[in-house]
Structures are given as structure tokens and as C-alpha cells.
Amino acid sequence: MTEAVSLAGRLLVATPALTDPNFDRAVVLLLDHDAEGTLGVVLNRPTPVEVEAVLEAWAELAGAPAVVFQGGPVALDSALALAVVPGEQAAEEVLGWRRVHGAIGLVDLEAPPELLAAELGSLRVFAGYAGWAPGQLEDELLEGAWYVVESEPGDVSAPDPERLWRSVLRRQRGELAMVATYPDDPSMN
């Protein structure tokens, strides 16, 4: 039996066929993907809640828009943060930051923000996450619910998150780039 390839660090981009309202036009960064299941955060669901209102100490490090994002439908009362550590610092482990993929990593929100302030390029806070039981994501991939594409560090801190779905698809090659032009409401075509 061959070991499954981990998709951690890649993006799941919802196909137009995905009908779950939690994931309509969602772009999910996968943080963990192994035999025990899959965990990720939706990158393009900003909420009206400002980071300052819930994690005041971290507000200064939050990238624009400095709001909490809905990371997914699971554990909405919990927070996690992602940050990009640019340049050479990403080669070394930064205290209070754990690499997920490349320059993207999870921030320990229990750590003092000033410990990380000089290292972080941008910070994004998420309420909740998206989770899949073992084999569940693979089934959804077989059903055609998601496109799996490479992530870029800028995806985590996209200044216009509502356009992330289209911009991620647009940078793909071939037919996948054409999906970016899919209308929001196909019945209006």
C-alpha cells in the first residue's frame, strides 16, 4: 500500500459544482493532511469583527483588512493565526511560529506579540477551521468538489479576499484559468 501524498500547504479551491454554502467559492489553505484527517482554513471569508476587538495585543500585526476571518464551520469560538515570515528568516524556525509550508506558518497566540513583531510579514486571524475525517477529503476530490493548486505566500494576506477565488484560478494554466470567469449566478447567463 502506498502512502498518500500530503496536501498540506496547498490550496483547495471550491469548484462551481460544490453546493455546501460553507464553502461556496472558498479558497482553503490546508494546514495538516495525514492519515488522521485534514485541517485547513478558509482564506476568503472576512467577518466584520476587528482583530482589535478580540485579540487587541495582536491587532497591530494584523494585515489589511485587520478583521477576523471565518476559517471554517468547525470550532468558531477558537482562534488561530497564520503569518508569513519573509526572506531568510523563514529558513530558521522563529520562536512562536511553526512552518506549515514555505514562508507560511501558524502563530502561537499565547506567545507575546512583541516576540514575533520583527519577524512577521503579515498576520491573519481566523475563527474556526475546516476539518475532514480520514478519507473524507479524498472522497470530495473524487466527486469533483475541489481543485487542488499550489499556494503562494501572498494568498494568506490577500488585501482583497473577496477576489481571491478568481485570482487563484486565473493564475492557473489551461482550462482551470477559464473557471475564474464562471458567473456568480449561472442562471443569469
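A compact table of results
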{"item": "Alpha-carbon centroids, region 111-138 and region 32-59: separation in whole Å", "result": "6 Å"}
{"item": "R98-E162 FRET efficiency (beta carbon distance; Förster radius 25 Å; 0.05 resolution)", "result": "0.30"}
{"item": "Stokes-Einstein translational diffusion, region 138-182 - Kirkwood Rh over all Cα pairs, 1.002 mPa s, 20 °C, in µm²/s", "result": "185 µm²/s"}
{"item": "HN-Hα J in Hz across region 136-145 - Karplus 6.51, -1.76, 1.60, θ = phi - 60°, x for Gly and Pro", "result": "5, 5, 4, 4, 5, 5, 5, 6, x, 7"}
{"item": "Over region 25-89, volume per residue of the alpha carbon convex hull, in Å³", "result": "134 Å³"}
{"item": "Distance histogram in 10 Å bins (all Cα pairs of region 69-138, percent per bin)", "result": "20, 44, 28, 8"}
{"item": "Ratio of Rg to Rh over the chain (Cα coordinates, Kirkwood Rh, two decimals)", "result": "0.97"}
{"item": "Peptides 131-141, 24-34 ordered by average Cβ neighbours within 10 Å, highest first", "result": "24-34, 131-141"}
{"item": "Largest-first principal axis extents, alpha carbons of region 104-189, Å", "result": "51, 32, 25"}
{"item": "Relative contact order [Cα under 8 Å, 6+ residues apart], the chain, whole percent", "result": "27 percent"}
{"item": "Listed residues R171, R99, R124, most fluctuating in the chain (Gaussian network, C-alpha, under 10 Å)", "result": "R171"}
{"item": "Dipole of the chain, positive direction: furthest Cα of L43, V149, S78, with charges on the beta-carbon", "result": "V149"}
{"item": "Area accessible to solvent at W97, 1.4 Å probe radius, in Å²", "result": "10 Å²"}
{"item": "Extreme residue, positive dipole direction of the chain, given options N22, L95, V168 (C-beta unit charges)", "result": "V168"}
{"item": "Alpha-carbon spread of region 1-49, three principal axes, descending order, Å", "result": "44, 27, 16"}
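The values are calculated or read from the model by the stated rules, or taken from the named source; none is laboratory data. Every value quoted in this text rests on a predicted model; they were computed, and no experiment measured them. Here the Cβ is made from the backbone with ideal geometry for all residues, glycine too, and neighbour counts use every protein chain on show. Only protein heavy atoms, including side chains, enter the accessible area calculation; ligands, DNA and RNA are left aside. Shrake-Rupley method; radii C 1.70, N 1.55, O 1.52, S 1.80 Å.
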